[in-house]
1. Neighbouring Cβ atoms within 10 Å as the yardstick, rank Y79, Y39 fewest first.
2. Among the lysines, which have Cα under 18 Å from the Cα of K59 when same-chain residues fewer than 8 positions away are ignored?
Amino acid sequence: MKPSKKSKIIACGVLDDGVRSNREIGRTVGIDHHAVARYLNHPLLNDPDVQRQLAHHRKNEIVATDFLIAKGRQRLIEYLDQEVVQPIPVLAIVDRSFQQRQLLEAKPTSINAWDKAQECMAEIAKLEKLKEALDEIKEWKSDLP
């Protein structure tokens, strides 16, 4: 049985998380990427009933990713307790689950705190150089008769 146009439109709406390209969505649904662009602009996706379906699906996805995150953390703790040398695959699952949850909640996946910290450290370094230059000027002024 071939899926209907309505089910393809809804599938495109569910898969449109802001990260996937139209080509990737098209491959998943089995349609052309140009059709994906048309489907994402289709008035059906603005229908309140469809919006509720999409919200319900995303809520279920969030619950599923919460489960994966918890399971991954549990497994990671077990690996660390047993001193298993390869916890990286489990950590990758936890990280990917976290990213997926952030996408479902329409939050950014990158952690901007590190970027902000680097900017602050650069500003501090500039200020320290300025302070050193001012101290040298003060020394030169004190050496003048």
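1. Going from least to most buried by this count: Y79, Y39.
2. By straight Cα distance, K59 reaches K107.
Read-outs throughout are calculated quantities, based only on the coordinates presented, and are distinct from any laboratory measurement. Nothing here was measured: the structure is a model prediction, and the numbers come from that model. Methodologically, a virtual Cβ is constructed for each residue, glycine included, from the backbone with ideal geometry; neighbour enumeration extends over all protein chains shown.
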